[in-house]
Amino acid sequence: MPSRSRRVAVVAHCHLNVNTKVHGLADYEGVRAEVITPYLAEGVGIIQLPCPEATFLGMARWGMTKEQYDTVAYRRHCAAILAPVLDTLVELAADGVEIVEVVGVDGSPSCGVGRTCVGYEGGEIEAMFADGVSPEARDAAEPGVLIEVFRSLLDAAGLDVMFRAVEEIPESRG
């Protein structure tokens, strides 16, 4: 009987289930194999983060920026859905399991680790296009909302975990 690796990685939901991504942003069929396969090959357990955007707004949502999600209610939602994940990680760490890393999705307003999309200026949609200029989201060198909340919860629990970013749209496909 094989022994346990005593290692686990925590990965953003859409790396294991692209079906929760905003329609039009999925560029792989189901699982992000290049992210997940190394864990399988190395015997590292995988914990899937919940998708806060899908559980907060559902699948009929559109692409949004960090400013649109960065509300008290959304942060409270993130903390609530992260609670069972945090409880599991605390128990695993107490049992001697190494939390290898948390893998986010750079470019995401929620799961970005080092880069998120910003740019919402508010107002009516018609007014935003009135001058003929299309407002566009832009990248910012900061984490997404869920990642900020998760880091805070991990710190409060005394867990020092490395975060790694994977690009939302791989260059080889984008």
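The values are calculated or read from the model by the stated rules, or taken from the named source; none is laboratory data. From a predicted model like this one, the values you see are computed outputs, not experimental measurements. Methodologically, a virtual Cβ is constructed for each residue, glycine included, from the backbone with ideal geometry; neighbour enumeration extends over all protein chains shown.
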Taking ARG61, is it touching a helix residue (DSSP H, G or I) at 6+ places or on another chain (Cβ under 7 Å) and at pLDDT below 90? yes
In this structure, is PRO135 at pLDDT 95 or above, over 14 Å from the mean Cα position of the chain (by Cα) and surrounded by fewer than 17 Cβ atoms within 10 Å (Cβ to Cβ)? no
Suppose we filter the range 85-127 for residues that are touching a Pro at 6+ places or on another chain (Cβ under 7 Å), modelled with pLDDT of 95 or more and polar (S, T, N, Q); how many remain? 1
